Every structure is written in structure tokens, then in C-alpha cells.
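Have a look at the structure below before the remarks.
The values are calculated or read from the model by the stated rules, or taken from the named source; none is laboratory data. Remember, predicted model here, so these are calculated numbers, not experimental data. No Cβ is skipped: glycine too gets one built from the backbone with ideal geometry, and neighbour counts run over all protein chains shown.
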Amino acid sequence: MAATGVLDEIVDTTRYSLEDPGGSNWRDAVAHARAELGEVGCTVLREFIRPELIETLCAQGDAIAPEAYYEVERVNAYNIPLDTELREDHPGRIVMERGNAFVPRDRIPADALIHRLYISDEFQRFVADCFGLAQLHEFADPLAGLCLNVVAPGMSHPWHFDTNEFTVSMLTKPAEVGGVFEYCPNIRSTGAENLDDVREVLTGAGDRLIRRLDLRPGDLQLFRGRFSLHRVSPVRGATQRHSAIFAYTDRPGVIGTVERTRQLFGRVLPEHLAAAAAAVRGDRLLD
């Protein structure tokens with residue numbers, strides 16, 4: 001199927017004319033996204049998916065959610081080993097429990113709505129334009145390229161920074177209670193960790209730094225998670241929270257680290273081991 005056909009079938013093109021790159025509707029959506037990303041590092045494109053497909057989106061997530069790798073882990077906000085040598089008051093010494101789970105790309109059917117959207121050239125071009133990038137590439141990582149994030153009742157995805165500079169995600173099923181996306185816009189930069197502010201948030205004293213999003217299924221979220229501390233608050237009630245994570249990069253061939261891959265999926269593949277020795281860092285931030 002042609003990529004444009006995918007967009008016509010999946011995206012509400014009356015609101016987001018992705019089939020018309022550079023058109024007035026496209027320019028308006030991109031301008032709005034860039035303005036919010038520049039100001040607070042996050043933007044939400046409401047009702048991105050056609051409304052008649054929301055039930056399908058949710059049902060497909062329910063079908064693959066049992067494939068998620070579950071293991072409650074003790075972690076820190078930087079996703080580095082807990083025995084890393086840090087000064088006594090470093091926020092990386094604050095330990096939290098990570099109870100969310102991930103369905104990896106190799107367990108997501110090719111005909112799922114989120115997979116069809118993920119590989120769409122037009123979708124990638126639109127997202128790249130919103131981030132002000134010339135081009136985006138799918139992750140070469142066979143597990144982390146596209147994931148379903150599953151947060152079960154009683155669990156949460158605790159405060160953390162992302163490894164990549166930008167994140168594309170979509171809520172596919174909300175929690176009955178809780179499961180709120182919370183973030184601290186630009187709490188750090190490439191040149192400054194701003195450890196005092198991070199510590200405030202992790203110890204519960206930094207509410208002034210936190211923003212909260214009211215997300216609905218089918219909303220597309222663009223986020224600069226490398227610089228903004230963020231979490232999904234504890235889920236309560238009887239319903240899991242599901243969200244799709246579309247992993248792109250501004251350079252080809254990116255594969256996740258061995259440590260991070262084991263954390264998220266409970267396994268690594270030969271591709272991860274081969275890439276470990278040739279890893280290239282784009283900055284000197286801790287994680």
C-alpha cells in the first residue's frame with residue numbers, strides 16, 4: 001500500500017493534511033508544533049488519528065500487551081547503574097522503582113495501525129519538519145524502533161531522561177485513574193545538568209517545575225525528552241495505560257545500548273552487541 005493511502009486511512013487528514021507537504025494546513029500545524037517545542041519542549045497534536053479508528057487502536061494494543069516484558073526494577077533518573085560513583089547529594093543516587101513494561105517492535109504486527117504509521121514516509125517527513133530536522137530515520141534497533149509502553153495498575157514509569165533528543169508517542173489507551181504524563185521543560189541542557197533542580201523534582205519539592213498533560217487516545221505527542229525530566233504517574237483502577245513509542249533519529253544506524261536494552265526488554269540481540277564497541281555519543285550528559 002502506498003504511504004499516502006496509509007495516511008488517508010489512519011490520520012484525520014481534514015485536520016492534518018499530511019498528503020500535502022508544504023501546504024497551508026501543513027505549514028500551520030508545523031508552525032504551531034515548532035513554537036511549542038521551542039518554548040516548552042513538548043507539543044500535542046490533538047485527534048491525530050481518525051476518530052472511527054480509536055477503538056481499533058485500543059483493541060490492537062490490548063492484543064499485544066501480553067507480549068510486554070515485565071520486571072520491576074530499581075533505577076535512577078539517568079538509567080545508569082546504581083553503583084555508579086557519584087557525589088553524595090547527586091540526584092542519580094535517588095533510587096526509584098520502574099514498573100512499566102514494553103512490547104518490542106518484533107512483537108508488533110506489521111498491519112497494526114501504529115506500525116503502518118511508523119514506517120510511513122509522509123509521517124516521517126511531517127514529524128521531521130515539526131522538529132526542524134532535514135530528515136528522520138527509523139531506529140536500526142530491532143527491538144526499540146517501535147514499542148508499546150504498558151503501565152499496569154499499581155505501576156508507574158518513574159522520572160527519567162530519554163537517551164535520544166526527541167520522542168514521538170501516542171496514547172492508545174488511558175488509565176482509569178492516574179497515568180498522567182508529567183514533565184519538567186528543559187530542566188537541563190547540553191552544557192548543564194542542573195542537578196539541584198532535578199533533585200528537587202525527585203524528592204517531591206519541585207512541583208513548580210512540573211507540567212502535566214491531559215492526553216487522549218489518538219493524540220500525537222512530540223517531545224524533547226533528552227532535556228526534560230519526565231514520568232508517567234502511578235496508574236490506579238482496573239485498566240492498563242498503553243502508549244506507542246515511535247523511535248526516530250536524525251542519523252541512520254542507531255541501536256540502543258546493551259544495558260538499556262536489557263533493562264527494557266530483558267534480552268539483547270547480536271545487533272546490540274556489535275554496536276556496543278562503536279557507540280558514538282552526541283553529548284557529555286550523564287546517561
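Worth pointing out:
- The set of residues from region 240-287 being modelled with pLDDT of 90 or more, over 15 Å from the mean Cα position of the chain (by Cα) and either over 20 Å from residue 145 (Cβ atoms) or among the hydroxyl-bearing types (Ser, Thr, Tyr) (or both) comprises just one member, 240.
- Selection of region 162-204 for residues being part of a loop (DSSP other than H, G, I, E, B) and either buried (at least 22 other Cβ atoms within 10 Å of the Cβ) or of a type in the set (Ser, Thr, Tyr) (or both) yields 163, 166, 175, 179, 187, 190, 203.
- Residue pairs meeting the criteria (Cβ under 8 Å; at least 6 apart or on separate chains; first under 16 Å from residue 229 (Cα atoms) and free of Cβ contacts under 8 Å to residues at least 60 places away in the same chain, in region 20-44; second exposed (fewer than 12 other Cβ atoms within 10 Å of the Cβ) and among the β-branched types (Val, Ile, Thr)): none
- Hits in region 41-53 (condition: surrounded by fewer than 16 Cβ atoms within 10 Å (Cβ to Cβ) and either assigned to a helix (DSSP H, G or I) or hydrophobic (A, V, I, L, M, F, W, C) (or both)): 51, 52
- Only one entry in 33, 63 is in a helix (DSSP H, G or I), of a type in the set (A, V, I, L, M), within 27 Å of residue 131 (Cβ to Cβ) and out of contact with any Phe, Trp or Tyr (no Cβ under 7 Å at 6 or more places or on another chain), namely 33.
- From the list 165, 176, the lone residue that is modelled with pLDDT of 95 or more and acidic (Asp, Glu) is 176.
- The single condition from (1) surrounded by fewer than 17 Cβ atoms within 10 Å (Cβ to Cβ); (2) over 20 Å from the mean Cα position of the chain (by Cα); (3) on the phi < 0 side of the Ramachandran plot that residue 237 fails is (3).
- Only listed residue being part of a loop (DSSP other than H, G, I, E, B) and without any contact (Cβ under 8 Å) to a residue 60 or more places away in the chain, chosen from 56, 14: 14
- Residue 129 charged (D, E, K, R), under 28 Å from residue 212 (Cβ atoms) and buried (at least 18 other Cβ atoms within 10 Å of the Cβ): yes
- Of the residues in region 141-159, none is touching a residue at least 24 places away in the same chain (Cβ under 8 Å), surrounded by fewer than 19 Cβ atoms within 10 Å (Cβ to Cβ) and outside any loop (DSSP other than H, G, I, E, B).
- Reported count of residues in region 148-192, each being among the charged types (D, E, K, R) and closer than 11 Å to residue 240 by Cβ, is 2.
- The set of residues from region 250-281 being buried (at least 21 other Cβ atoms within 10 Å of the Cβ) and of a type in the set (Val, Ile, Thr) comprises 254, 255, 261.
- Residue 109 vs. criteria in contact with a helix residue (DSSP H, G or I) (Cβ under 9 Å, 6 or more places away or on another chain), buried (at least 16 other Cβ atoms within 10 Å of the Cβ), of a type outside the set (D, E, K, R) and modelled with pLDDT of 95 or more: no
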